[in-house]
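Written out below as structure tokens is the structure these notes cover.
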Amino acid sequence: MSSSPFRRRFSAMNGRKLVLNGLCLLIGGFIAAVAVNVFFIPIRLTMGGLSGVASIIFQLTGQGEFLSFGLLYLLLNIPVMLIGWRMISITFIWRSLVGSIFYSAMVDLLAPVLQDWFSTYINRPLAGGAPDPLIYCLFGGVLYGIGLGIIFRGGFTTGGTDILAAVIKRHRKTLSMGQFLLILDAVIILASVVAYHDDGGPAVLLAMYSFIAMYLTSKSIDVLLEGFDFIRTAYIISDQGPAIAERILQEMQRGVTLLKGKGMFTGQDRDILMCALSNKQVPDLKSVVSEIDPAAFVIVIEAREVLGEGFGSNPEI
């Protein structure tokens, strides 16, 4: 029996998605490997997560004389993967397993080429062969974040502390994943101060640069996942609610929801307009509100994610 047109179309869509996800893994892994080999390892900047732990061990063991960076990272991931498999699910782990293997392989495969390139084109032209750590943390942090962000866009992760954070979140509801990762990354970078202290180098200064790189990595990942045009949510409290809502609907082509509120100081019932809009539409909203009711009370906050009604689709569909 031949397959239906719908099934053939569905299979083709899945095939294209699989190819795109694979390309994201390939490109993202390559970019992340460049950042690690060119910007982080040569001057001993420390990344967050298990990559940072692998980097410290890699530096203390002679930069590959004992084990390569990629192999160290994979070995550190094994117990973490087993914990995630046991306490969460295998479906949660397999994408992390694929992503971490590919990321580790790319770092190790590109290391010889990139190290020679680093010595020839970056270190040698500088007086004394001493690169500026600030430039390295800026470019390295952004490039590393772009690489990881592309990997995440493909539906993969590089494993590591993300799995531990998910496990902790299930057992400690009071501690968010973001808080746990921030604390753990800070501990790892601070540990580099102790690890590099005995060699007489600028360990504290490198830790400061590492914090800057980690922040830039986080922001670069956010941009890759959310884009530059962030979504905002506006709350408008005004006696001219219907007129403001009409202008938003007609001129800005955005939906408006009417909420009922009560001023606790005056005891009066108030109408509250809620509207989701793009970041670039915020000035237009302020202009509309100011023209109709200059005394209106407006709150604009960042929305982490908005689905439906012109803001993207449900990922489950």
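Every residue, every condition in (1) modelled with pLDDT under 90; (2) in a helix (DSSP H, G or I); (3) exposed (fewer than 11 other Cβ atoms within 10 Å of the Cβ), yes or no:
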residue: Lys260; (1), (2), (3): yes, no, yes
residue: Met264; (1), (2), (3): yes, no, yes
residue: Gly267; (1), (2), (3): yes, no, yes
residue: Met274; (1), (2), (3): no, no, no
residue: Val282; (1), (2), (3): yes, yes, no
residue: Ser287; (1), (2), (3): yes, yes, no
residue: Ser290; (1), (2), (3): no, yes, no
residue: Glu305; (1), (2), (3): yes, no, yes
residue: Glu309; (1), (2), (3): yes, no, yes
Hey, Phe6 outside any loop (DSSP other than H, G, I, E, B) and either surrounded by 12 or more Cβ atoms within 10 Å (Cβ to Cβ) or modelled with pLDDT of 85 or more (or both) or not = no
message = Taking the criterion of being closer than 18 Å to Ser192 by Cβ, crowded, with 18+ Cβ neighbours inside 10 Å and aliphatic (A, V, I, L, M), would at least one residue in region 72-79 satisfy it?
response = yes
message = Taking the criterion of being touching a Gly at 6+ places or on another chain (Cβ under 9 Å), more than 29 Å from Tyr196 (Cα to Cα) and modelled with pLDDT of 85 or more, would at least one residue in region 27-48 satisfy it?
response = yes
message = Kindly evaluate Tyr235 against the criterion of being modelled with pLDDT of 85 or more and under 30 Å from Gly62 (Cβ atoms).
response = no
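The values are calculated or read from the model by the stated rules, or taken from the named source; none is laboratory data. Since this is a predicted model, take the numbers as computed values, not measurements. For neighbour counting, all protein chains shown are included, and Cβ atoms are generated from backbone atoms with ideal geometry for every residue, glycine included.
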